[in-house]
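Peer 1: Shown below is the structure under consideration.
Just so it is clear, none of the values below were taken in a lab; they were calculated from the coordinates. These figures come from a predicted structure and were not determined experimentally. Cβ atoms come from the backbone with ideal geometry, glycine included; neighbour counts cover every protein chain shown.
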Amino acid sequence: MMRRNTAIVAAACAAALAAVLALGQQPPAIPTPPPEPASSDPLELFTVMVPTFTHPRCANCHGAVDPHAESGPLEDTHDGGIIEAGGTCANSGCHTQTNDTQEETRWQTASPFHNFNGKTAKELCDMQSGVADDKNARRPDGYYEHLNTDFLIDLAFVGQSGGANSSTDPPPLHKDDFLKAARAWLNVGNKCNSWTGSITQHETFASSYSYLQGGAGSPIRVTVHEQAQRIFTLDRANGDSEVRINQGGQQTMVTVITSEGPYGPCETTITSNNRWTGQNQGAEPGGMNVQIRPDGSYTIRFSGPAEKTVTQDSGHASTNCPGAPPGPTADTTDLDWNTWRSSIHCPANFTQDPAGGNTIDCDLYDSKTNPRLKGTMVRTLRRHEDAPDPQSWMEVSTVGISRSDTGAQLPVTVVTTWDFTLPP
């Protein structure tokens, strides 16, 4: 809320607040920002699974051990020794916890193409992306079905090394958590790259109103004109987000006091000016998270750096009444603001009302038919509870978005546009 700098204006604000409380209302609560999610890009989503892919219980059959090698660095790591060419893991009498009559449930070393050993997260992701494409081409959701139902994978998750011995160190993720991570990665089309694009959020506020205070003997007319804007721009490329914030506003409050002086009626006019500007300069690191659900609906959460504003107060007074009028006090105030987080939901998580200024235009994500996150959202916020998420920084900022006489919140318009793709 902008500060009102004269004694008269301060009294008016106190009276307005008292009137609000007398009606049983309370000033709006500051919403708590949601926590910053952990991942956003497909490669980051896949990276959650990497410690499981590279764990000994999985890598044991995927390149870390070669039981057929007669020389080289790997044969000593196979506790069962060398298996002659043509022999199988089960036939050696060791790994017998499988159905040997079914090829898909028989313990064996993976082909070189499925070697997890020594791979980076990007290399593993590229490999699994190819496997997913192949299995999904043969049957819908084939890759996820493979992870969910393969008997050998089940044994690895309970800590079985090829079915022959138990271990106290199963993979770091529970299988349910591993499947959730796999589903999140598959929802973005099992890619291994980073979202590229931008978000622009433009908040604007303007008001002009007047009201009367005081008794019949000394009426006070207050006129308020104020406007503010904040333009937030996020650009993302190569896994990094840069944010630019441009904000500022001003308020003019004119208070006219009519008094009955010793020589008849007279007037005192007090003008208070309040101007504020944002101090964030240039590009600064920001945060962005994309969460896509199986039905193609998605949420984009984004944030910028901590912000700083400087407020400058000034004004003047004039009167035809005897004596000098009380003039506004010049002042400068520096304010620091914590990181502010906003979100985009497609489809909307609010009731669309074009007449009331609440709309969204976006299409659900589909990795094949619509591999793009793009849209425009318009919100006209008249109460804090209008937004399920804290949508407008101005709601808790230096801007005076509520009337100084009644405390009623004035509308803030928020227009958000976004456009993101996953480059090859």
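Peer 1: Just to check I understand the Karplus step: with θ = phi - 60° and J = 6.51 cos²θ - 1.76 cosθ + 1.60, what whole-Hz values come out for region 337-354, glycine and proline as x?
Peer 2: Listing the rounded values in order: 10, 5, 3, 9, 10, 10, 8, 10, 10, 10, x, 5, 9, 9, 6, 6, 8, x Hz.
Peer 1: Would you mind calculating the gained length between ARG275 and SER111 on full extension (0.36 nm times residue separation, minus the Cα-Cα distance), in nm to one decimal?
Peer 2: Extra length from ARG275 to SER111 when fully extended: 52.2 nm.
Peer 1: Please compare each pair in LYS122/LYS180; LYS191/LYS308; LYS119/LYS374; LYS119/LYS180; LYS191/LYS374; LYS122/LYS175 to a cut-off of 28 Å on the Cα-Cα distance and tell me which ones are over it.
Peer 2: LYS191/LYS308; LYS119/LYS374
Peer 1: Still on this structure, I have one more. What FRET efficiency, computed as 1/(1 + (r/R0)^6) with R0 = 56 Å and r the Cβ-Cβ distance, is obtained for THR369 and THR223, rounded to the nearest 0.05?
Peer 2: Approximately 0.50, to the nearest 0.05.
Peer 1: Let me ask another. Compute the distance in nm between two label points, each set 7 Å from the Cα along the Cα-to-Cβ direction, one at HIS202 and one at VAL415.
Peer 2: Result: 0.4 nm between the two label points.
Peer 1: Taking 7 Å along the Cα-to-C-beta vector as the label spot, tell me the SER318-THR258 distance in nanometres, rounded to one decimal.
Peer 2: So the label points at SER318 and THR258 sit 1.9 nm apart.
Peer 1: Could you rank the peptides 306-317, 366-377 by their average count of other C-beta atoms within 10 Å per residue, with the highest value first?
Peer 2: The most tightly packed comes first, giving 306-317, 366-377.
Peer 1: Could you work out Rg/(2.2 N^0.38 Å) for region 269-409, with Rg from alpha carbons only?
Peer 2: 1.49
Peer 1: Also, I was wondering about something else. Whole-Hz Karplus ³J(HN,Hα) for region 226-240, in order, using 6.51 cos²θ - 1.76 cosθ + 1.60 and θ = phi - 60°, x for Gly and Pro?
Peer 2: So the Karplus estimates, Gly and Pro as x, are 8, 8, 7, 8, 9, 10, 10, 10, 10, 10, 10, 7, 6, x, 10 Hz.
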